[in-house]
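The values are calculated or read from the model by the stated rules, or taken from the named source; none is laboratory data. Everything numeric in this text was worked out from a predicted model, so none of it was measured. Quick reminder, even Gly has a Cβ in these numbers, built from the backbone with ideal geometry, and neighbours come from all protein chains shown. We work out accessible area using only protein heavy atoms, side chains counted, and drop any ligands, DNA or RNA first. Shrake-Rupley method; radii C 1.70, N 1.55, O 1.52, S 1.80 Å.
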Amino acid sequence: MKYNKTKEFALEQDEKDPLKGYREQFHIPLQDNGEECLYFCGNSLGLQPKKTGEYVNQELEDWAKLGVEGHFHAQNPWMPYHEFLTDSFSRIAGAKKEEVVAMNTLTANLHLMMVSFYRPNKSRYKIVIEADAFPSDIYAVSSQIQFHGFDIASSLIKLKPRAGEVAVRTEDIETLMEQEGDAIALIMLGGVNYYTGQVFDMAAITDMAHKKDIVVGFDLAHAAGNILLNLHEWGVDFAVWCTYKYLNSGPGSVAGCFVHEKHHKSNLPRFAGWWGHNKENRFKMPTDYEPIHTAEGWQLSNPPILSLAAIRASLSIFDEVGMEQLTAKSKQLSAYFSYLLGTIETDRIEIITPDQRGCQLSIRVKDSNKELYDFITKRGVVADWREPDVIRIAPVPLYNSFIDLHQFYKILEEAVSSV
Ligand SMILES: *Cc1c(COP(=O)(O)O)cnc(C)c1O
């Protein structure tokens with residue numbers, strides 16, 4: 001594609017965009033002056049679909065009308081409500097229906113997964129994670145290491161890019177496994193690193209890890225609803241994701257979890273709760289626990305229906321559009337954006353996101369000068385600043401446009417020469 005930096009070019013691209021109508025389906029936050037913000041924070045909190053209110057209100061009304069009977073007689077009965085998300089989740093994760101479940105929150109699911117899948121012994125006890133992983137993930141894996149009586153310093157391997165590089169190379173992960181594989185119990189990476197936006201080669205990593213009998217899990221917080229996933233085919237052991245980022249389900253909403261079918265009938269240890277018990281006789285209140293032989297067997301509690309309703313509202317849009325169309329537009333947006341940034345004549349900013357990416361581009365500000373970020377914020381840009389020196393921008397294909405990027409580029413161009 002031949003780009004140019006005129007406003008007309010951006011408008012033309014928007015005109016041609018098959019997904020252009022979807023922006024209308026979202027509430028776009030407004031600036032103080034009443035104009036729409038340039039919202040690029042869908043990687044942190046996705047925008048609210050306009051239909052979310054309807055979905056949530058349906059459950060509030062049924063609760064008001066039916067009380068406890070809503071478990072069976074609500075328009076969308078609450079007892080099996082989480083199952084209404086299964087089809088959509090399986091498409092987003094590239095998984096079988098039996099392999100996905102909506103439950104808890106991301107970090108809670110990560111712990112539950114490690115209860116089953118991090119089983120260290122004297123010779124094999126290490127966990128591999130990205131050096132710049134999301135702090136919650138580092139806390140979670142570190143606390144699991146300690147919980148099992150191991151020492152963090154000698155048990156946690158933090159993957160770093162080579163000096164002068166920003167992305168971790170797959171071949172370096174392979175070398176690590178060749179050198180230390182026998183001592184590694186679990187590799188747990190962000191499928192898309194939250195900071196750099198790097199997409200890991202999950203298929204290759206899973207493959208090489210399994211050759212060394214290493215369990216593989218991915219945190220897909222920045223991947224679900226952003227890139228094409230094929231967890232079943234790749235043979236990933238487990239994965240977890242939240243739904244309030246690219247999946248637009250609202251703050252703190254219920255998370256997703258994937259457990260590969262090869263583990264469904266295993267006798268892996270797990271922390272159990274009644275919602276993971278065989279549905280046939282759950283309400284006979286038996287004292288002996290009998291797990292469901294699907295990912296649902298890892299559930300603990302009956303889930304928050306209002307949150308699931310919000311997720312359903314958003315997933316109905318994903319079902320309509322499909323991840324192929326979505327990622328096709330995402331690639332166009334990020335390529336165009338990368339082109340625009342490249343035309344700004346300055347050495348103060350640099351894109352650190354490699355070509356293996358989803359929609360997010362991370363821009364390093366060379367002098368760590370946060371005034372640049374403050375400047376764009378004052379001009380109506382909603383992005384985020386990550387210490388020490390990165391502005392993350394996520395042009396989301398469902399509601400961001402080419403003209404959004406063009407406007408942002410104009411503001412940034414002004415910013416680098418004025419602050
Ligand atoms: C957003 C995010 C989280 C957040 O965890 P919660 O349990 O949902 O609060 C964790 N890990 C990663 C990689 C994230 O991007």
Any idea which residue in region 227-245 is farthest from ARG119 (Cα to Cα), counting only those that are within 12 Å of the ligand (Cβ to nearest atom), in a loop (DSSP other than H, G, I, E, B) and open to solvent by less than 10 Å² (accessible area, probe 1.4 Å)? THR243
Among ALA167, ALA203, which is the only one that is within 25 Å of LYS97 (Cβ to Cβ) and either away from the ligand (no atom under 16 Å from the Cβ) or without any contact (Cβ under 8 Å) to a residue 24 or more places away in the chain (or both)? ALA203
For the condition part of a loop (DSSP other than H, G, I, E, B) and open to solvent by less than 50 Å² (accessible area, probe 1.4 Å), what is the one hit in PRO354, PRO388? PRO354
Checking the structure you have, find out if any residue of region 126-145 is surrounded by 14 or more Cβ atoms within 10 Å (Cβ to Cβ), part of a loop (DSSP other than H, G, I, E, B), more than 16 Å from the ligand (Cβ to nearest atom) and in the same structural domain as ALA203 (by TED's automatic domain parsing). no
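How about region 109-158: which of its residues are of a type in the set (D, E, K, R) and more than 24 Å from the chain's Cα centre (by Cα)?
As a first pass, look at region 109-158 and keep what is of a type in the set (D, E, K, R): 119, 122, 124, 126, 130, 132, 137, 151, 158.
Scanning region 109-158 gives ARG119, LYS122, ARG124, LYS126, ASP151.
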Tell me, which residue of region 160-193 that is part of a loop (DSSP other than H, G, I, E, B) and touching a strand residue (DSSP E or B) at 6+ places or on another chain (Cβ under 8 Å) is surrounded by the most Cβ atoms within 10 Å (Cβ to Cβ)? ASN193
